[in-house]
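See below for the structure under consideration.
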């Protein structure tokens, strides 16, 4: 096993624990970098200003939707490890009981994460996750971006 394989295995293992925490309504405090300009783009939309103080409100908003979860797994699509940086492209799967819903539902995300080595540890500096959905039409995509929709919100920096 190469050093890159070991790094990927370590990151996937940590992400699996973090994923389990998330789907059970808990924030994994240790996975993001301590002092970097971290960013988070979660499946519920929006994005944060760089930094942990910007990430925390998005994390709290996201976990507020989860009641409980199970069957968490991660499939690695692509992994790149170089010196002090690593990037994982994965598919995260789980069954989630969302607050206000009767039954657990499949929760499948396509995820891109960037890591930076800080001392002896790899820390996440960026996470982008969105639902892995069937192909949708351009009209469906544009409807998500339409500011005239009642639920559309102006994004920061837009």
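What follows draws every value from the coordinates through simple rules; no lab data is involved. Just so it is clear, the structure is predicted and the values come from calculations on it, not from any experiment. Positions of Cβ are generated from backbone atoms using ideal geometry, with glycine treated the same way; all protein chains shown enter the neighbour counts.
Computed from the C-beta positions of residue 47 and residue 4 and an R0 of 30 Å, the FRET efficiency is 0.55 to the nearest 0.05. Compared with the dominant Cα axis of the chain, that is its longest principal axis, helix 52-63 is turned about 60°.
The gain in end-to-end length when the residue 27 to residue 61 segment is fully stretched comes to 11.2 nm, 0.36 nm per residue minus the alpha carbon separation. Using just its DSSP H runs of length 4 or more, each adding -39500 (n - 2.57), the chain gives a mean residue ellipticity at 222 nm of -8500 deg cm²/dmol after division by all residues. Under the shape rule built on the C-alpha gyration tensor, where the axes satisfy a ≥ b ≥ c, the chain is prolate, since a/c reaches at least 1.5 and a/b is greater than b/c. When each of the peptides 100-111, 39-50, 132-143 is scored by the mean number of other C-beta atoms lying within 10 Å of its residues, the order from highest to lowest reads 39-50, 100-111, 132-143. Look at the alpha carbon pairs under 8 Å that are at least 6 residues apart: their mean separation over the length of the stretch 3-145 gives a relative contact order of 22 percent.
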